[in-house]
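Below is one structure, written out as structure tokens; the observations come after it.
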Amino acid sequence: MKNTLLASVLALISMASYSVQANPDINYLSGGYQLSLFDEYIPTDINETNNYLSGYYARASWGFTDNVFLEMRRDHTAKNRLSNTHDVMGLGYLYPIHSDVSLYALAGFNQISLEFSASSNDTNLLPSSSEAYIGVRDHAFTAELGAKINLLSEWQIEPAVRMATFDNNLYELRLGNTFSLTESLKLEANIAHRSIDQINLTETNSQLGLRYAF
């Protein structure tokens, strides 16, 4: 009887430990290099235009449970005097429908900051000796639907579509790829396409970095 009771207690402890272990799909830190290409040339300096910006991206996700998670993202790209920053923070829910397929929904806020630096040498921009940034900053509600699909034991894809309700709606299509190097360390290779209503400028960005899952 004692042996049976002890075995039952050990089984319950084992089940409880299993139920609270972290879900690596929603518990991770990642970051790396980003290249953003635009379909038109944009001003990046005085009398200079380019069709790309480059910089970094960072992403963090933490699960309150195996299904509910908080996610934060930032990508910052720049060229010459121009810089562009996208920040996203949202609360999400992950719903497994198969051992290799999970769907998720996320809702939160999106902020965009676009800045052009002007120094004291730019007398046509700044009348006095000073340093300043000319730009805009806006924020909006954002919602995203996506999936996490294990194509192979070492390869997971993350297709997603996101919308943000700025004065002109922003739409983003994204395809994430993670390749397992070890149990915790993964290689990321992502691509995304962004467009904004009534603005004839689209962005396609590529990201290459590392993810640490915990």
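The values are calculated or read from the model by the stated rules, or taken from the named source; none is laboratory data. Values in this document were obtained by computation on a predicted structure and should not be read as measured data. No Cβ is skipped: glycine too gets one built from the backbone with ideal geometry, and neighbour counts run over all protein chains shown. Note: accessible area is taken over every heavy atom of the protein model, side chains too, but ligands, DNA and RNA are not part of it. Shrake-Rupley method; radii C 1.70, N 1.55, O 1.52, S 1.80 Å.
At 7 Å along Cα-to-Cβ for each site, give me the label-to-label distance between L35 and H193 in nm.
1.9 nm
Return the carbon/sulfur percentage of the accessible area of the range 82-214, one whole number, probe 1.4 Å, all protein chains in place. Numbers along the way, then the final one.
Numbers: 4530 of 7340 Å².
Of all accessible area on the range 82-214, carbon and sulfur atoms account for 62 percent.
Report the calculated FRET efficiency for D87 and D45 (r = Cβ-Cβ distance, R0 = 22 Å), to the nearest 0.05. Walk me through the numbers on the way to the answer.
On the way: r = 25 Å, r/R0 = 1.12.
The computed FRET efficiency comes out at 0.35.
Taking R0 as 41 Å, what's the FRET efficiency between H139 and S99 from their Cβ-Cβ distance, rounded to 0.05?
Numbers: r = 38 Å, r/R0 = 0.93.
Taking R0 as 41 Å, the efficiency between H139 and S99 is 0.60.
Determine the per residue accessible area of the range 133-214 with all protein chains present and a 1.4 angstrom probe, expressed in square angstrom. Before the final figure, lay out the partial values.
Values: 4620 Å² over 82 residues.
Accessible area per residue, the range 133-214: 56 Å².
With a 1.4 Å probe and all protein chains left in place, how much accessible area per residue does the range 27-114 have, in Å²?
Working: 4350 Å² over 88 residues.
About 49 Å² of surface per residue is accessible.
Calculate, for T202 and N150, the FRET efficiency according to 1/(1 + (r/R0)^6) with r their C-beta to C-beta distance and R0 35 Å; round to the nearest 0.05. Mind dumping the intermediate values first?
Details: r = 31 Å, r/R0 = 0.87.
The pair T202/N150 has a calculated efficiency of 0.70.
Principal axis lengths of the range 63-214 from Cα atoms, whole Å, largest first?
For the range 63-214, the Cα extents along the three principal axes come out at 63, 33, 30 Å.
Sticking with the crude label model, points 7 Å out along Cα→Cβ, report the distance from Y56 to E183 in nm, one decimal please.
2.9 nm
Under the Karplus relation 6.51 cos²θ - 1.76 cosθ + 1.60, θ = phi - 60°, what is the ordered set of whole-Hz ³J(HN,Hα) values for the range 146-155, x standing for Gly and Pro?
Listing the rounded values in order: x, 9, 10, 10, 8, 6, 9, 5, 9, 10 Hz.
Need the C-alpha centroid separation for the range 141-185 versus the range 192-206, integer Å.
So the separation of the two Cα centres works out to 17 Å.
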